[in-house]
Amino acid sequence: MKSIFFIDLDNTIYFTKPNEEQLMSGLYKVLEEQDLGVSDEEYQRAKKEMLRVPFQKVARKFGFKKEAIDNAIKYLVNGEVTSPLTPGEDYHFIKSLKGRKFIVTAGFYKKQTTKVKMLGIADDFEEVYVVDVTTSDQTKKDAFEALIRKHNLNTNDIMVIGDDADSEIRFGLELGLTTFLLDPENLHPDAKTTFRGTDFSNLHEAAGQA
């Protein structure tokens, strides 16, 4: 049975799309004031990707101009979430897991921590670990290792839960941890993972808590 859980935040605990207005409207406003160097069609495609992929990755992929990226990052560094957010409808499966739960998320520190506050879920977790993309070259692998050392955790007891096959899931597997890939749209059919689901209905069974 797994009793320690490293859980991703974005598009795992909550989903960006239903909360798009609260989370993205400020960034969209900043971007629309910039010369991005891309067509409107490309910008609309980029906006869709931003709902599930970090801004910097999307900006690089679509070739946004450096000045526009820098201005957007200045906004994001100081951005806070000030309106209530809604957890995903399957969040109760995460909340009811027995054991120690840690949020492990990457992004802008202030934004990520205020998301947790506005979701009203802070008390469900022992710790929130933010890999701050503005101050660190850390990955979630470094975060997992830091938490394991800090809390003297037994890796056999840990399950990593998230939606990013190339981040938390890959890094979890590299450390020999059990993983659960949430893939509602079947975007990663060939990704390596211990367990997977389009929702969390089989999460407790995967954790040995059914």
Original post:
Counting just the residues of region 76-88 that are farther than 16 Å from Phe125 by Cα and touching a Gly at 6+ places or on another chain (Cβ under 9 Å), which one comes out surrounded by the fewest Cβ atoms within 10 Å (Cβ to Cβ)?
Top reply: Pro84
**OP:** Select, from Asp190, Asp199, the only residue that is surrounded by fewer than 17 Cβ atoms within 10 Å (Cβ to Cβ), out of contact with any helix residue (DSSP H, G or I) (no Cβ under 7 Å at 6 or more places or on another chain) and touching a residue at least 40 places away in the same chain (Cβ under 8 Å).
**Re:** Asp199
Subject >> Inter-residue pairs, beta-carbon under 8 Å, first more than 15 Å from Val58 (Cβ to Cβ) and in region 29-45, second surrounded by 10 or more Cβ atoms within 10 Å (Cβ to Cβ), 6+ apart >> reply: Asp35/Lys65; Asp35/Glu67; Asp35/Ala68
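Okay, residues lined up against (1) closer than 25 Å to Glu32 by Cβ; (2) out of contact with any strand residue (DSSP E or B) (no Cβ under 9 Å at 6 or more places or on another chain); (3) of a type in the set (D, E, K, R):
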{"site": "Val81", "(1), (2), (3)": "yes, yes, no"}
{"site": "Pro87", "(1), (2), (3)": "no, no, no"}
{"site": "Asp90", "(1), (2), (3)": "no, no, yes"}
{"site": "Thr105", "(1), (2), (3)": "no, no, no"}
{"site": "Gln112", "(1), (2), (3)": "yes, no, no"}
Subject >> Lys66, sole failed condition from (1) surrounded by 16 or more Cβ atoms within 10 Å (Cβ to Cβ); (2) without any contact (Cβ under 8 Å) to a residue 12 or more places away in the chain >> reply: (1)
Original post:
Considering only residues of region 111-145 that are among the charged types (D, E, K, R) and in a loop (DSSP other than H, G, I, E, B), which is nearest to Ile13 (Cα to Cα)?
Top reply: Glu126
Subject >> Of residues in region 173-187 being at pLDDT 95 or above and of a type in the set (D, E, K, R), the one surrounded by the fewest Cβ atoms within 10 Å (Cβ to Cβ) >> reply: Glu174
Subject >> Any chance Gly107 is over 22 Å from Asn202 (Cα atoms) and modelled with pLDDT under 95 >> reply: yes
Subject >> Condition met for Asp132 (loosely packed, with under 14 Cβ neighbours inside 10 Å and under 15 Å from the mean Cα position of the chain (by Cα)) >> reply: no
Subject >> Leading residue by the ranking (surrounded by the fewest Cβ atoms within 10 Å (Cβ to Cβ)) among those in region 89-110 that are in a helix (DSSP H, G or I) and touching a Lys or Arg at 6+ places or on another chain (Cβ under 9 Å) >> reply: Lys95
Original post:
Any idea how many residues of region 16-44 are in a helix (DSSP H, G or I) and within 20 Å of the chain's Cα centre (by Cα)?
Top reply: 12
Original post:
Can you tell me how many residues in region 163-186 are closer than 21 Å to Pro87 by Cβ and either part of a loop (DSSP other than H, G, I, E, B) or not assigned by TED's automatic domain parsing to the domain that holds Ala143 (or both)?
Top reply: 5
Original post:
Considering only residues of region 62-88 that are basic (Lys, Arg) and assigned to a helix (DSSP H, G or I), which is nearest to Lys111 (Cα to Cα)?
Top reply: Lys74
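The values are calculated or read from the model by the stated rules, or taken from the named source; none is laboratory data. Please read these numbers as outputs of a predicted model, since none were measured by experiment. Please note: Cβ atoms are built from the backbone with ideal geometry, for glycine as well, and neighbour counts cover all protein chains shown.
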